[in-house]
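Single-structure report; data block below.
The values are calculated or read from the model by the stated rules, or taken from the named source; none is laboratory data. Note that the structure is a prediction, hence the values are computed from the model and not measured. Positions of Cβ are generated from backbone atoms using ideal geometry, with glycine treated the same way; all protein chains shown enter the neighbour counts. For accessibility, only protein heavy atoms count, side chains too; no ligands or nucleic acids. Shrake-Rupley method; radii C 1.70, N 1.55, O 1.52, S 1.80 Å.
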Amino acid sequence: MTQPSFSADKSQPKQQQQQKPQQQSQKGGAEGGIQVSIRTVSKGTKQVSVQGSDTVQSLKESLGEAAVEGTTLRLLCQGKALADDSKIEACQIKAGATIFAVRCQATQ
């Protein structure tokens with residue numbers, strides 16, 4: 001009677017080691033920016049590359065969301081609303097993060 005082979009379990013650490021270079025390459029440099037996911041109600045999820053020096057307002061403009069009278073577009077990341085004049089790096093947004101774009105009633 002032969003013992004079952006557990007080679008799949010032994011290969012798991014190798015798979016984790018192979019994934020690390022991909023994660024490091026997503027951080028990017030000053031030229032490539034970082035890859036983040038933007039999730040909207042109307043357009044679903046899309047991947048975008050942003051620079052740390054970009055502002056939240058410029059990211060909103062790049063989304064191409066149509067303006068709706070009486071509402072504002074808010075970006076949320078890690079449970080926090082992102083201020084329009086903040087830079088991406090100041091918001092501590094990391095590669096692979098998901099940013100949610102939601103419509104809110106405009107304040108008067």
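Here's a check for you: in the stretch 72-85, which residue that is within 18 Å of Ser62 (Cβ to Cβ) and open to solvent by 30 Å² or more (accessible area, probe 1.4 Å) is nearest to the chain's Cα centre (by Cα)?
Checked the stretch 72-85; the qualifying residue nearest to the chain's Cα centre (by Cα) is Leu76.
What pairs come out if I take residues in the stretch 63-74 that are of a type in the set (Asp, Glu) and pair them with residues that are modelled with pLDDT of 80 or more whose C-beta lies under 6 Å away, six or more apart or interchain?
Going by the 6 Å Cβ cut-off, the qualifying pairs are Glu65/Leu73.
Residue pairs, Cβ under 6 Å, 6 or more apart or interchain, first in the stretch 84-108 and in contact (Cβ under 8 Å) with a residue 12 or more places away in the chain and farther than 18 Å from Gln51 by Cα, second assigned to a loop (DSSP other than H, G, I, E, B) and open to solvent by less than 50 Å² (accessible area, probe 1.4 Å). List them.
Listed by first residue and then by second, the contacts come to Ala106/Gly70.
What's the number of the condition Lys94 fails, among (1) of a type outside the set (Phe, Trp, Tyr); (2) over 20 Å from Gln35 (Cα atoms); (3) in a loop (DSSP other than H, G, I, E, B)?
Condition not satisfied by Lys94: (2).
Do you know which residues across the stretch 55-64 are among the charged types (D, E, K, R) and open to solvent by less than 50 Å² (accessible area, probe 1.4 Å)?
Correct list: Lys60 only.
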